[in-house]
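Down below is the structure, laid out as structure tokens.
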Amino acid sequence: MSQYLLSFDVEDWFHSHNLRQAIARDSWDEQEFRVADNVSRLLDMLDEHDARATFFVLGWVAERAPEMVEEIVARGHEIASHGYGHELLYELSPEEAREDIERSAAILEELSGQQIRGYRAPSFSITDWGADILADAGFEYDSSLFRATAHDRYGSMSVEADSTFATLDNGLVEAQLPVVSLPGFNVPWAGGAYFRAIPYPIYRRGVKHATGDQPFIFYFHPWEIDTGQPKLQELSLNYRLRHYTNIEKTEARLARLFSEFDWEPIEAGMA
């Protein structure tokens, strides 16, 4: 029987790279902070469906909402790292990336009382040298790699194994995100905007078949159920569609997904 592994990238609406053209990094503290309330709603949904998940928490968010991290732990979920400053990994130098990764891990370990085993790069911007930094910093797994045909932000790695969990030469385990293979194209099928845009019956079918008998990893952002977040009209049409499509329908769709599969945290797939 397939295993279904659930994860959330815990960042606020204004951290989304879709909004970079409209919101400057130095204005983050001036924006409306909404992520903690959205995480609480998700935690209630998980309790209702007896589901557990991995929360990849941004260090910047954890510093400003320590009680949110504590609540995630108290409700029985795994805390993992989404880095500190939500910068694309390959836009940093290796030294800057190491500082970002280690800063976030220290914050999350102190708040959660857990060993931080896992990492996910912002917008899946993983690199081979990033994986080496993670292994050196004591992480056990990364979950950032999509074998998608094309995306304007995803990173890449030289991982040859097609299994969901692939052990790299440095000992780090890569927990790969699923794709659906079409003629000449691999479509990301792990969640996010694809989950919001693809009709649910089609998406559900992909969940059942994308990885065969391998574990299936799903991801989601708390802002994707937040219908009250600011709507930025100055974005290009491309980024407006990617960020806002079907947000008003997504909470009900997510509840349906939670009810139709048995969800566990990524660490359960590592056991």
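The values are calculated or read from the model by the stated rules, or taken from the named source; none is laboratory data. These numbers come from a predicted model, not from an experiment. Positions of Cβ are backbone-derived with ideal geometry, glycine not excepted, and every protein chain shown enters the neighbour counts.
Every residue, every condition in (1) under 17 Å from M270 (Cβ atoms); (2) at pLDDT 95 or above; (3) not hydrophobic (A, V, I, L, M, F, W, C), yes or no:
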{"site": "A106", "(1), (2), (3)": "no, yes, no"}
{"site": "L111", "(1), (2), (3)": "no, yes, no"}
{"site": "R120", "(1), (2), (3)": "yes, yes, yes"}
{"site": "A131", "(1), (2), (3)": "yes, yes, no"}
{"site": "A135", "(1), (2), (3)": "yes, yes, no"}
{"site": "S156", "(1), (2), (3)": "no, no, yes"}
{"site": "E160", "(1), (2), (3)": "no, no, yes"}
{"site": "N170", "(1), (2), (3)": "yes, yes, yes"}
{"site": "S181", "(1), (2), (3)": "no, no, yes"}
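Taking the stated definitions as given, is D29 free of Cβ contacts under 8 Å to residues at least 12 places away in the same chain, farther than 18 Å from E87 by Cβ and not hydroxyl-bearing (S, T, Y)? Criteria not met by D29. Any residue that is crowded, with 21+ Cβ neighbours inside 10 Å and touching a Lys or Arg at 6+ places or on another chain (Cβ under 8 Å) - is there at least one of those in the stretch 153-176? Checked the stretch 153-176: at least one residue is crowded, with 21+ Cβ neighbours inside 10 Å and touching a Lys or Arg at 6+ places or on another chain (Cβ under 8 Å).
Could you check, for the stretch 77-85, whether at least one of its residues is surrounded by 17 or more Cβ atoms within 10 Å (Cβ to Cβ), touching a residue at least 40 places away in the same chain (Cβ under 8 Å) and part of a helix (DSSP H, G or I)? Among the residues of the stretch 77-85, not one is surrounded by 17 or more Cβ atoms within 10 Å (Cβ to Cβ), touching a residue at least 40 places away in the same chain (Cβ under 8 Å) and part of a helix (DSSP H, G or I), which makes the answer no. In the set (1) touching a strand residue (DSSP E or B) at 6+ places or on another chain (Cβ under 9 Å); (2) on the phi > 0 side of the Ramachandran plot; (3) free of Cβ contacts under 8 Å to residues at least 40 places away in the same chain, I101 fails one condition alone, (2). Reported count of residues in the stretch 86-96, each being buried (at least 23 other Cβ atoms within 10 Å of the Cβ) and not in a helix (DSSP H, G or I), is 1.
Could you please find all residues in the stretch 256-271 being in contact (Cβ under 8 Å) with a residue 24 or more places away in the chain and either charged (D, E, K, R) or over 17 Å from Y219 (Cβ atoms) (or both)? Result: R256, S259, E260, D262, E264, E267. Quick check: anything in the stretch 12-21 of a type in the set (D, E, K, R) and either in contact with a helix residue (DSSP H, G or I) (Cβ under 8 Å, 6 or more places away or on another chain) or not in a loop (DSSP other than H, G, I, E, B) (or both)? For the stretch 12-21, residues of a type in the set (D, E, K, R) and either in contact with a helix residue (DSSP H, G or I) (Cβ under 8 Å, 6 or more places away or on another chain) or not in a loop (DSSP other than H, G, I, E, B) (or both): present. Among the residues of the stretch 173-211, the ones that are touching a Ser or Thr at 6+ places or on another chain (Cβ under 6 Å) and without any contact (Cβ under 8 Å) to a residue 60 or more places away in the chain come to 6 in all.
Results for (1) surrounded by fewer than 23 Cβ atoms within 10 Å (Cβ to Cβ); (2) hydrophobic (A, V, I, L, M, F, W, C); (3) assigned to a loop (DSSP other than H, G, I, E, B), shown as yes or no for each residue.
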{"residue": "R98", "(1), (2), (3)": "yes, no, no"}
{"residue": "L108", "(1), (2), (3)": "no, yes, no"}
{"residue": "L111", "(1), (2), (3)": "yes, yes, no"}
{"residue": "Q114", "(1), (2), (3)": "yes, no, yes"}
{"residue": "I126", "(1), (2), (3)": "no, yes, yes"}
{"residue": "A131", "(1), (2), (3)": "no, yes, no"}
{"residue": "A135", "(1), (2), (3)": "yes, yes, no"}
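What are the pairs with Cβ atoms under 7 angstrom where one residue, in the stretch 111-129, is β-branched (V, I, T) and the other, located anywhere, is part of a loop (DSSP other than H, G, I, E, B) and surrounded by fewer than 23 Cβ atoms within 10 Å (Cβ to Cβ)? Sequence gap at least six, or different chains. Sorted first by the residue in the stretch 111-129, then by its partner, the pairs are I126/L145; I126/G155; I126/M157; T127/G155; T127/M157. Any residue that is in contact with a Ser or Thr (Cβ under 6 Å, 6 or more places away or on another chain) and more than 16 Å from W223 (Cβ to Cβ) - is there at least one of those in the stretch 32-47? Scanning the stretch 32-47, I find no residue that is in contact with a Ser or Thr (Cβ under 6 Å, 6 or more places away or on another chain) and more than 16 Å from W223 (Cβ to Cβ), so the answer is no. Which number in (1) acidic (D, E); (2) more than 20 Å from S104 (Cβ to Cβ); (3) under 19 Å from the mean Cα position of the chain (by Cα) marks the one condition that D169 misses? D169 satisfies all of (1) acidic (D, E); (2) more than 20 Å from S104 (Cβ to Cβ); (3) under 19 Å from the mean Cα position of the chain (by Cα) except (3). Checking D29, D100, D37 one by one, the residue that is closer than 28 Å to A255 by Cβ and at pLDDT 95 or above is D37 and no other.
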